[in-house]
Amino acid sequence: MAGSMPLKYMSKLAGSRVLILGGTSGIGFAVAEAALEHGATVIISSSRENKLQNALSRLREAYPDPTYHARINGYTCDLGTPENLDENIAKLLAQVTKNSPSERADDQRDDPALLDHIIYTAGDAIKVTPVPDLTVDTIQRMGTVRFMGPLLLSKLAPRYMKKSSTSSITLTSGSQSLKPMPNWTAVVAYSTGTEGMMRGLAVDLAPIRVNCVAPGAVHTELFNDISADRLDSVLESMASATLVGKVGKPEDVAEAYLYAMKDGFYCFSGGLEVYTLLILCNLWRLEAKGISVFKSLVHS
Ligand SMILES: NC(=O)c1ccc[n+]([C@@H]2O[C@H](COP(=O)([O-])OP(=O)(O)OC[C@H]3O[C@@H](n4cnc5c(N)ncnc54)[C@H](OP(=O)(O)O)[C@@H]3O)[C@@H](O)[C@H]2O)c1
């Protein structure tokens, strides 16, 4: 133990500001807990006020120390209506940084209100639709929160972030992007599209790093739509398909997001060999239908 010396690894997020869209439940909520424990200020967001207040209460109860309470905040932002998407995200970013883009000069790199990291785990209920039943409307609906949301967020966010390689945006896809299940074509298309989006954004938003976490099956509130009498058998079947014999927990996958925030080299500034290793790791794990994989495009 290093006495009163700040710990080099544990303190990497200390004092940073982390916005988590989708932070009121499941994976995003676990990332909020993890970031708090690492000393960050967290701002969680989702579409429903009651769910937001419930999540804020759960965080405050889990971390009763007042020094934690000062680092917990949240705002609602609906990412499910295409007509208001730009406007809703812009409003959220302004609330979070107490400023509007017109008031903000591009060189305000050290403004303490600016964000260091943005995590995007927002995702609405998945309506699995067989290919013959797809329509323009169903396809567009499936992509509003998971695809249009992160793209428009990434358009607006840099003006509200510290322009540094220590800053990052982390998106979410899913292991189904490489290993589709029957009738998941549209979901798979958006997941794979999100990974392509990550590669493009990593180039366009540099030096802000952009990464993407692709979880396998994780037991979260996303499963709440499955009836109680079916849930156990669904989870058992998913668990039996993994090497470790269980589905993931949100706190397992939260580690991947922590890593994406903490490693200032993880993205376009890394080495090609890291990318190759991660791809191999992804394939092995997917082959085992395992817990979570994460990807980043790395410049050669
Ligand atoms: N769990 C898994 O097994 C798994 C596997 C692979 C990929 N993923 C992906 O990982 C992401 C997170 O999943 P999760 O399991 O953590 O889900 P979750 O527990 O259901 O959390 C989803 C979050 O998104 C928010 N959200 C939903 N609709 C929204 C909207 N219209 N506007 C703003 N926020 C909205 C929810 O809050 P509100 O309802 O209050 O809006 C909630 O905070 C999703 O994209 C999911 O597809 C999950």
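Pick from region 184-199 the residues that are small (Gly, Ala, Ser) and within 17 Å of the chain's Cα centre (by Cα): which of them is surrounded by the fewest Cβ atoms within 10 Å (Cβ to Cβ)? Across region 184-199, the extreme among qualifying residues is 196.
Could you tell me which residue of region 111-130 is surrounded by the fewest Cβ atoms within 10 Å (Cβ to Cβ), considering only residues that are hydrophobic (A, V, I, L, M, F, W, C) and within 8 Å of the ligand (Cβ to nearest atom)? The selected residue is 125. Scanning region 167-186 finds one or more residues that are at pLDDT 95 or above, more than 16 Å from the ligand (Cβ to nearest atom) and in contact with a helix residue (DSSP H, G or I) (Cβ under 6 Å, 6 or more places away or on another chain). Of all residues in region 131-156, those that are surrounded by 21 or more Cβ atoms within 10 Å (Cβ to Cβ) and among the hydrophobic types (A, V, I, L, M, F, W, C) total 2.
Looking at the structure I just gave you, is residue 144 touching a Gly at 6+ places or on another chain (Cβ under 6 Å) and farther than 21 Å from residue 250 by Cβ? Yes: the conditions hold for residue 144. For region 205-223, which positions are without any contact (Cβ under 8 Å) to a residue 40 or more places away in the chain and surrounded by fewer than 17 Cβ atoms within 10 Å (Cβ to Cβ)? Residue satisfying the conditions is 223 alone. Scanning region 56-84 for residues that are within 16 Å of the ligand (Cβ to nearest atom) and either among the β-branched types (Val, Ile, Thr) or free of Cβ contacts under 8 Å to residues at least 12 places away in the same chain (or both) gives 57, 72, 76, 81, 83, 84.
Within region 28-40, residues that are closer than 17 Å to residue 168 by Cα have Cβ atoms under 6 Å from residues that are among the polar types (S, T, N, Q) in these pairs: 28/121; 40/16, counting only partners at least 6 apart in sequence or on another chain. Here the strands (runs of 3 or more DSSP E) wholly within region 1-91 that include at least 2 residues being at pLDDT 95 or above and of a type in the set (A, V, I, L, M, F, W, C) are 17-21, 41-46.
Across region 187-216, which residue is farthest from residue 159 (Cα to Cα) among those that are within 11 Å of the ligand (Cβ to nearest atom) and of a type in the set (Gly, Ala, Ser)? Here the answer is 216. Of the listed requirements (1) at pLDDT below 95; (2) in contact with a Phe, Trp or Tyr (Cβ under 9 Å, 6 or more places away or on another chain), residue 257 misses just one: (1).
Among the residues of region 232-244, is any out of contact with any strand residue (DSSP E or B) (no Cβ under 6 Å at 6 or more places or on another chain), of a type outside the set (Asp, Glu), at pLDDT 95 or above and surrounded by 16 or more Cβ atoms within 10 Å (Cβ to Cβ)?
No: region 232-244 contains no residue that is out of contact with any strand residue (DSSP E or B) (no Cβ under 6 Å at 6 or more places or on another chain), of a type outside the set (Asp, Glu), at pLDDT 95 or above and surrounded by 16 or more Cβ atoms within 10 Å (Cβ to Cβ).
Here residue 90 clears all of (1) in contact with a strand residue (DSSP E or B) (Cβ under 9 Å, 6 or more places away or on another chain); (2) in contact (Cβ under 8 Å) with a residue 40 or more places away in the chain; (3) of a type in the set (Gly, Ala, Ser) except the condition numbered (1). Taking the stated definitions as given, is residue 91 surrounded by 13 or more Cβ atoms within 10 Å (Cβ to Cβ) and touching a Lys or Arg at 6+ places or on another chain (Cβ under 8 Å)? In short, no. Take the residues of region 1-28 that are in contact with a helix residue (DSSP H, G or I) (Cβ under 6 Å, 6 or more places away or on another chain) and within 10 Å of the ligand (Cβ to nearest atom): which is nearest to residue 160 (Cα to Cα)? Taking the candidates together, the pick is 20. Scanning region 37-48 for residues that are within 16 Å of the ligand (Cβ to nearest atom) and farther than 18 Å from residue 98 by Cα, we see that the one that is surrounded by the fewest Cβ atoms within 10 Å (Cβ to Cβ) is 48.
The values are calculated or read from the model by the stated rules, or taken from the named source; none is laboratory data. All values reported here derive from a predicted model rather than from experimental measurement. Counting neighbours? That spans all protein chains shown, and the Cβs are built from the backbone with ideal geometry, glycine included.
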